[in-house]
1. Give me the mean projected area, in nm² to one decimal, of the convex hull enclosing the Cα positions of the chain.
2. Need one word for region 59-151: rounded, prolate or oblate. Basis is the Cα gyration tensor (sqrt eigenvalues a ≥ b ≥ c); a/c below 1.5 gives rounded, then a/b vs b/c decides.
3. Farthest toward the dipole's positive end in the chain, which of PRO77, HIS209, PRO112, given Cβ charges of +1 (Lys, Arg) and -1 (Asp, Glu) about the Cα centre?
4. Quick one: dipole size for the chain, taken about the Cα centre, charges +1 on Lys/Arg Cβ and -1 on Asp/Glu Cβ, in debye to the nearest 20.
5. Based on the Cα gyration tensor of region 139-239, what are the three equivalent ellipsoid semi-axes, each the root of five times an eigenvalue, rounded to whole Å and given largest first?
6. Just flag the GluC sites (Glu not before Pro) in region 181-261 sitting in loop per DSSP whose Cβ has no more than 16 other Cβ atoms within 10 Å.
7. Once the whole set of protein chains is in place, how much accessible area is left on LYS251, using a 1.4 Å probe, in Å² to the nearest 10?
8. Please check: in the Gaussian network model of the chain (C-alpha springs, under 10 Å), which one of SER190, SER123, SER136 has the largest mean-square fluctuation.
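The values are calculated or read from the model by the stated rules, or taken from the named source; none is laboratory data. For clarity, every value in this text was computed on a predicted model and none was experimentally measured. Positions of Cβ are backbone-derived with ideal geometry, glycine not excepted, and every protein chain shown enters the neighbour counts. Ligands, DNA and RNA are excluded from the accessible area calculation, which covers all protein heavy atoms including side chains. Shrake-Rupley method; radii C 1.70, N 1.55, O 1.52, S 1.80 Å.
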Amino acid sequence: MSSRASVSAWRPRVPGVVEVFHARFTEYAYPMHVHDAWTLLIVDDGAVRYDLDRHEHGTPHDTVSLLPPHVPHNGAPATSDGFRKRVLYLDGHHLADGLIGAAVDRPDLRDPLLRRRVGQVHSALVRPGDELEAESRLTLVGERLREHLRSREALGAPRRDPVLARRLRELLDERVVDGVSLAEAGGTLSAHPAHLVRAFSGAYGIAPHQYLMSRRVGRARRLLLEGRSPSEVAVATGFYDQAHFTRHFRKLVGVTPGRYRATGAEAGG
């Protein structure tokens with residue numbers, strides 16, 4: 001068995017995320033330790049076994065594990081092949097300390113939708129410039145985690161709020177280039193970020209980050225057809241860099257910005 005290990009860690013510009021940690025271990029075992037943040041863990045290959053509050057737990061592939069802050073735990077490969085994991089360390093922005101007890105009782109959550117959403121957050125976090133998407137997706141993850149940890153009786157039905165959705169759309173329209181985080185939008189509109197995402201998606205059938213990127217790409221198309229270079233347009237429309245611009249433009253238009261600009265020149269010629 002190989003003892004090779006690989007680790008990648010960074011702190012993104014996303015409210016509530018203290019650290020992102022991606023790792024591949026074959027032999028390494030964590031001793032008992034604590035974190036001052038919530039540990040949201042998914043395992044992509046292999047499995048991890050760990051002890052939390054003197055009880056043994058495990059992480060099969062379809063499980064999301066949520067380890068609360070200040071509670072000792074360890075961790076080790078459950079098989080000889082080791083494991084590959086992705087972890088988000090979260091502060092109290094999405095999960096209050098009052099939920100620690102429930103997390104100790106049920107740290108491993110069998111929820112395919114939650115598992116998929118956590119993976120989507122990680123996918124957005126590795127792409128510079130997609131912080132709003134990561135923040136948006138993380139609010140839904142936080143909401144679903146709270147649903148698991150709270151009693152069903154305490155949950156209310158989702159509320160539609162077309163007025164709030166319209167106000168958020170107007171704010172996004174005003175900030176197409178500069179952008180706006182969900183935390184800032186929530187402060188401006190006096191609404192919880194999770195409610196913002198739900199209200200907007202329910203009203204328009206698209207998430208706030210998708211709407212903003214669509215607006216940016218629409219503006220970019222006009223500038224490209226005016227003959228401006230893709231690098232100029234990337235800056236002028238608020239993208240993180242040209243790679244970020246190209247990725248989203250191709251996703252929405254089907255061709256690269258350069259090819260799109262060339263088609264306009266050919267038609268004009």
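1. On the way: hull surface 65.9 nm².
So the Cα hull casts an average projection of 16.5 nm².
2. Working: a/c = 1.66, a/b = 1.09, b/c = 1.52.
The shape class here is oblate.
3. HIS209
4. Values: 38 positive and 32 negative charges, 217 e Å.
Value, rounded to 20: 1040 debye.
5. On the way: eigenvalues 219, 32, 25 Å².
Equivalent-ellipsoid dimensions as semi-axes: 33, 13, 11 Å.
6. Numbers: sites: GLU184, GLU226, GLU232; in loops: GLU226.
Passing sites in region 181-261 are GLU226.
7. 140 Å²
8. Highest fluctuation of the listed residues: SER190.
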